[in-house]
1. What tally of residues in segment 242-261 results from selecting those that are of a type in the set (A, V, I, L, M), part of a helix (DSSP H, G or I) and surrounded by fewer than 24 Cβ atoms within 10 Å (Cβ to Cβ)?
2. Does Phe270 meet the test of being surrounded by 13 or more Cβ atoms within 10 Å (Cβ to Cβ), at pLDDT 95 or above and within 29 Å of the chain's Cα centre (by Cα)?
3. Kindly provide the set of residues from segment 11-29 that are surrounded by fewer than 12 Cβ atoms within 10 Å (Cβ to Cβ) and not charged (D, E, K, R), ordered by number.
4. Please verify whether segment 75-97 includes one or more residues that are β-branched (Val, Ile, Thr), farther than 30 Å from Cys161 by Cα and crowded, with 19+ Cβ neighbours inside 10 Å.
5. If you scan segment 262-278, which residues turn out to be within 29 Å of Asn20 (Cβ to Cβ) and assigned to a helix (DSSP H, G or I)?
6. Can you give me the ranges of the helices (runs of 4 or more DSSP H) entirely in segment 95-172 with at least 1 residues that are at pLDDT 90 or above, in contact with a Pro (Cβ under 8 Å, 6 or more places away or on another chain) and in the same structural domain as Val7 (by TED's automatic domain parsing)?
7. Looking for whichever is in contact (Cβ under 8 Å) with a residue 24 or more places away in the chain, out of contact with any Lys or Arg (no Cβ under 9 Å at 6 or more places or on another chain) and among the small types (Gly, Ala, Ser) here; the options are Ser125, Ser111. Which one fits?
Amino acid sequence: VVEQSYVLNWCEIHRRSHPNDELTKEQCLTLVNSVISAASSPSNVSENCERSSWPVLTEALFKRAPLEQRSFARIERALRQLEELTAQFGRPKPSVEDRGIHHFFWARMPSIWTIEMEYARVLASFGSLKAALDVYLRWEMWDDVITAYTLLGQSNLAEKCIRERITSGDETPDLYCSLGDVTKDPAHYEKAWELSNHKSARAMKSLGLRSLTVEKDPSKAAEYLEKSLLINRFQIDLWFTLGCCYLQLKNFPKAETAFRTCVSLEPDNFEAWNNLASAVIFSGRKQVQAIFFCSTSSKTLQLL
């Protein structure tokens, strides 16, 4: 059991220290499957091993569920695993003395609410929002409840939930931003901005996108988006939108800066590469520089 716990912890370290790509996930899945196979193997079931494997097996199955949800062929098994993990906490067997609680911290076994939140997240990921909403309501996860109501088109219930939270004294910038999303009232974003002491990136992002899509004012939108990116620069989609605003304003040097930051954060964003090339060309730079920044595909070179 100690070795199995070590493998699970090493798997978590490996996941956190490597890129979030398919290769890393497959490597983690292989490690988790090896632990599950060893923990549930009949040849390993002795009196001592049986008592100490329950937390390890629970943690391993919990880790496997999100790794399997990437595949449509295995997502049903992932859901069943999470359902079973939730249900086992209320069963009389195995008894407390047989659950190997002394190995609890070694295995980093998840709590029941952590498992249910993961279950709700998997449900929501493939569109079963109503089932996920039931879990959110049961655990009073109000931010997720508001998001679920909004996605289900029940804006009135979302607004009611938000106002109840605000009335109860739980005033936060995110709540006012959510209220602005539901009511389409920009005053709530301004309130969130003031309440956060000018530190809410979400409030400025929402005001910027509203200025661009509703008011059709790219200059004002760029001002808001820049404030949001000063607070949190790791918003890839916002860098792209800011670059598009500057393209509309014909401010090509700033557009180039925005798109260059975008591709540095997401090198596979082909649209950002193409827009970066356009910004370089229209800013009067040599075409050789545009070729350097964009991909070398034949279609892109023909456009130049």
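The values are calculated or read from the model by the stated rules, or taken from the named source; none is laboratory data. Computed from a predicted model, the values in this text were never measured in an experiment. Using ideal geometry, Cβ is built from the backbone for each residue, glycine included, and neighbour counts are taken over all protein chains shown.
1. So the answer is 1.
2. Considered against the rule, which asks whether it is surrounded by 13 or more Cβ atoms within 10 Å (Cβ to Cβ), at pLDDT 95 or above and within 29 Å of the chain's Cα centre (by Cα), Phe270 comes out as no.
3. Hits for segment 11-29 are Ile13, Ser17, Pro19, Asn20, Leu23.
4. Looking through segment 75-97, none of the residues is β-branched (Val, Ile, Thr), farther than 30 Å from Cys161 by Cα and crowded, with 19+ Cβ neighbours inside 10 Å.
5. Cys262, Val263, Ser264, Leu265, Phe270, Glu271, Ala272, Trp273, Asn274, Asn275, Leu276, Ala277
6. Those helices (runs of 4 or more DSSP H) span 112-125.
7. It is Ser125.
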